[in-house]
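Visitor: Quick one: structure below, then a few questions.
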Amino acid sequence: MSFGYNYEELIREINEDIAQKLITPTDSLKIVRKRKAIYDSYHPIIDYYYADNKIKVKYEVRTVQNVLQEMTYLNMLVK
């Protein structure tokens, strides 16, 4: 069984936000993960918000660069 999750759309969206100078790689994002784990204990990222957004769901704060690294690595495993 292969381990991975398709993050192509989220990666594209974040890179577009960087290109439009809405965020930088060192900025923080609030990321929301899927409640149900896949592949043992991994909870995939399902959405992200800018650090100044107020959201009512459980989230974690990570840098843009760190989020992109996680998604890029796991997306490579899908292929």
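Rule-based calculations on the coordinates, nothing more; no lab input. These numbers were taken from a predicted model, which means no experiment stands behind them. We place every Cβ from the backbone using ideal geometry, glycine too, and count neighbours over all the protein chains shown.
Visitor: Among (i) 18, 51, 27, 4; (ii) 17, 35, 22, 15, 9, 3, 0; (iii) 14, 37, 19, 9, 7, 7, 5, 2, 0, only one was calculated for this model; which label is it, if the read-out is P(r) over Cα pairs in 10 Å bins from 0, in percent?
Guide: Here P(r) over Cα pairs in 10 Å bins from 0, in percent agrees with entry (i).
Visitor: Sum -39500 (n - 2.57) across every DSSP H segment of at least 4 residues in the chain, then divide by the residue count to get the 222 nm mean residue ellipticity, nearest 500. Intermediate values should be presented prior to the final figure.
Guide: Values: 2 runs with 27 residues, N = 79.
So the calculated ellipticity at 222 nm is -11000 deg cm²/dmol.
Visitor: Got a sec? Which residues in the stretch 31-48 would a label at M76 touch, if it sits 7 Å along Cα→Cβ and we count backbone N under 20 Å?
Guide: Under 20 Å, as judged by backbone N against the label point of M76, lie 42-45 of the stretch 31-48.
Visitor: Here is a follow-up. Between H43 and N66, what length in nm is gained on full extension when 0.36 nm per residue of separation is reduced by their alpha carbon distance? Write down the numbers at each step before the final one.
Guide: Numbers: separation 23, 0.36 × 23 = 8.28 nm, distance 1.56 nm.
Length gained, H43 through N66: 6.7 nm.
Visitor: What are the ³J(HN,Hα) values, in whole Hz, obtained from phi via the Karplus relation 6.51 cos²θ - 1.76 cosθ + 1.60 with θ = phi - 60°, for each residue of the stretch 22-34 in sequence order, with x given for Gly and Pro?
Guide: So the J values, rounded to whole Hz, are 7, 9, 10, x, 8, 5, 9, 10, 9, 10, 10, 10, 4.
Visitor: Can you work out ³J(HN,Hα) from phi for every residue in the stretch 46-55, in order, using Karplus 6.51 cos²θ - 1.76 cosθ + 1.60 and θ = phi - 60°, giving whole Hz and x for Gly and Pro?
Guide: Each residue of the stretch 46-55 in turn: 10, 6, 9, 9, 5, 4, 8, 6, 9, 10 Hz.
Visitor: Looking at the chain, how many pairs of lysines come closer than 19 Å at the Cα, when each pair is eight or more places apart or spans two chains?
Guide: So the count of such lysine pairs works out to 9.
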